[in-house]
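The values are calculated or read from the model by the stated rules, or taken from the named source; none is laboratory data. Everything numeric here is computed off the predicted structure, so don't read it as measured data. Glycine also receives a Cβ, built like all others from the backbone with ideal geometry; neighbour counts cover every protein chain displayed. Note: accessible area is taken over every heavy atom of the protein model, side chains too, but ligands, DNA and RNA are not part of it. Shrake-Rupley method; radii C 1.70, N 1.55, O 1.52, S 1.80 Å.
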Amino acid sequence: MKTTRWRSALAGTMATALLSVWAPASAPASAADEASAAPTRVMVVGDSISHASVGDYSWRYFAWKHLAAAGAGVDFVGPRRAPFVGEGATWPAVYADAAFDQDHAAMWGDQLFRPRHDRDALMTTYAPDVVVVELGVNDMLWVQATAEQTQSMMRTWVTAARARVPGADFVLVEAPWTNSPVAADYNQRLAALAWEMTTSASRVVVARTTPGYVMGTGLDVKGDTYDPLHPNTSGQIKIAAAVTDALATLGVGKAYPRPLRIPAEGPRVVPVLKGSSTDTAARWTWSVPPGATSYDVWVRRPGRKWVREVRALEGTSHQVAGLRKCKPYDVRVLARKGWTLAGQDVRSPVVTAQAGPKVAGRATVRATARGRTVRTSWSAVKGACAHRVKVTVKAPGARATTRFLDVKGTSTVLRRLTRGSVVKVSVRGVGARNLTRWSEVRTVLLQR
């Protein structure tokens with residue numbers, strides 16, 4: 001519900017005033033009044049940082065979840081819903097979690113100098129109560145605008161938007177680009193700009209995204225971005241917290257809870273892993289989760305521990321050559337988005353492959369009974385890694401039961417059988433890459 005009457009704590013410095021809590025002068029509304037009030041229309045206008053790309057949650061997701069949990073009665077508005085999908089990409093335009101109000105007015109590559117949106121149309125069509133403006137990074141990065149020029153362009157933007165929605169409040173989002181001196185200068189100027197532009201009918205506050213925000217610098221370096229600019233999950237939560245803190249000063253919702261809780265990072269879909277092999281090598285391939293750009297590959301060789309053999313592999317397959325015949329090699333993979341590795345909760349299941357020739361032929365089985373024991377042996381299948389023995393036992397007065405045994409050698413003994421049972425045995429060769437046909441069944445009867 002938009003607050004039309006407000007007061008600020010004007011004691012102290014300009015920054016203190018900008019961070020003060022705005023409150024209605026009248027008595028608090030009743031629960032019935034709140035339930036019947038129209039939701040506050042919030043429009044996010046931004047660039048790629050707010051648009052988000054396929055597989056991301058987006059900071060808008062975490063902001064919406066918090067506002068909804070706080071009972072803020074907020075309606076996100078704007079002409080777009082989907083995240084950004086790059087040209088030529090085959091991913092569907094999906095978020096990590098679609099359960100939020102996805103409406104927004106952010107666009108990949110947007111800027112103040114050459115807007116990619118129609119600002120006047122946005123304001124008149126959606127009539128927002130609050131406009132969250134996250135723009136300026138592309139101006140400083142690509143247009144090479146100075147901090148002063150970017151501040152001036154933001155002033156012009158807000159002035160023009162306010163002409164269309166005179167009663168709207170504005171949240172100016174600091175540029176979350178903390179390793180840029182120009183952006184740091186611009187962010188310092190935002191407080192003065194907000195103070196300058198605030199009126200009794202239209203307030204302007206700053207979302208302070210930069211405190212504690214850390215730019216990523218490479219693989220496995222802890223940071224809040226998955227590349228030199230775009231936020232990963234931790235960065236998205238920090239931006240959401242700053243924006244909702246600013247909204248709270250306007251009477252919309254509550255401040256974001258601290259300490260911040262960061263869920264698992266990275267693409268949220270488990271890769272589907274498959275393995276195949278030849279006489280001396282094995283190859284694993286996997287599916288591509290939405291937003292994944294590379295993969296870490298772990299291999300467990302026979303008798304050894306897991307080793308991460310590859311970091312940030314850009315392909316979707318990995319081969320291990322020179323394998324020992326009939327020895328199991330285990331592989332699992334975990335996706336990355338840029339520098340950020342996904343959480344262990346979405347790593348692929350382990351897939352095992354063995355190298356060796358394909359086997360053929362059919363074993364010849366012998367079986368003899370003595371007392372409660374059946375001794376069985378068979379001719380070896382050439383090239384087999386093991387032999388699979390199928391045993392079916394029909395005890396007197398009972399149903400038949402079947403079990404399978406994998407045996408390295410060419411014989412086995414079945415013990416503690418019930419007297420009077422009928423035992424059927426057959427064998428097949430187990431190769432590294434295939435199985436042979438079952439042998440003929442040998443049947444023996446245990447004497448009572």
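Computed values, structure above
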item: All positions within the range 398-448 that are among the hydroxyl-bearing types (Ser, Thr, Tyr) and part of a loop (DSSP other than H, G, I, E, B); result: Thr410, Thr418, Ser421, Thr436, Ser439
item: Test: residue in the range 259-267 that is part of a loop (DSSP other than H, G, I, E, B), open to solvent by 50 Å² or more (accessible area, probe 1.4 Å) and in contact with a strand residue (DSSP E or B) (Cβ under 7 Å, 6 or more places away or on another chain); result: no
item: Some residue of the range 231-249 being over 29 Å from Phe84 (Cα atoms) and not in a helix (DSSP H, G or I); result: no
item: Residue in the range 84-103 that is surrounded by the most Cβ atoms within 10 Å (Cβ to Cβ), counting only those that are in contact with a strand residue (DSSP E or B) (Cβ under 8 Å, 6 or more places away or on another chain) and within 21 Å of Leu141 (Cβ to Cβ); result: Phe84
item: Failed criterion for Pro176 (all others in (1) open to solvent by 10 Å² or more (accessible area, probe 1.4 Å); (2) more than 19 Å from Val42 (Cα to Cα) hold); result: (1)
item: So Thr225, is it surrounded by 14 or more Cβ atoms within 10 Å (Cβ to Cβ), under 15 Å from the mean Cα position of the chain (by Cα) and within 30 Å of Val42 (Cα to Cα); result: yes
item: Hey, Val430 in contact (Cβ under 8 Å) with a residue 40 or more places away in the chain, open to solvent by less than 70 Å² (accessible area, probe 1.4 Å), over 30 Å from Val351 (Cβ atoms) and out of contact with any helix residue (DSSP H, G or I) (no Cβ under 9 Å at 6 or more places or on another chain) or not; result: no
item: Selection status of Arg311, surrounded by fewer than 22 Cβ atoms within 10 Å (Cβ to Cβ), part of a strand (DSSP E or B) and either within 24 Å of the chain's Cα centre (by Cα) or without any contact (Cβ under 8 Å) to a residue 12 or more places away in the chain (or both); result: yes
item: Residue within the range 404-422 that is surrounded by fewer than 20 Cβ atoms within 10 Å (Cβ to Cβ), free of Cβ contacts under 8 Å to residues at least 60 places away in the same chain and touching a Gly at 6+ places or on another chain (Cβ under 6 Å) present; result: no
item: Subset of the range 206-224 [among the hydroxyl-bearing types (Ser, Thr, Tyr) and more than 23 Å from Arg189 (Cβ to Cβ)]; result: Thr217
item: Any hit, the range 186-193, residues being part of a loop (DSSP other than H, G, I, E, B) and either touching a Ser or Thr at 6+ places or on another chain (Cβ under 6 Å) or open to solvent by 60 Å² or more (accessible area, probe 1.4 Å) (or both); result: no
item: Selection status of Ala380, open to solvent by 20 Å² or more (accessible area, probe 1.4 Å) and of a type in the set (Gly, Ala, Ser); result: yes
item: Odd one out for Ala70 among (1) open to solvent by less than 10 Å² (accessible area, probe 1.4 Å); (2) in contact with a Lys or Arg (Cβ under 8 Å, 6 or more places away or on another chain); (3) not aromatic (Phe, Trp, Tyr); result: (1)
item: Residues of the range 314-347 that turn out to be open to solvent by 30 Å² or more (accessible area, probe 1.4 Å), among the polar types (S, T, N, Q) and within 29 Å of Pro231 (Cβ to Cβ), as a count; result: 2
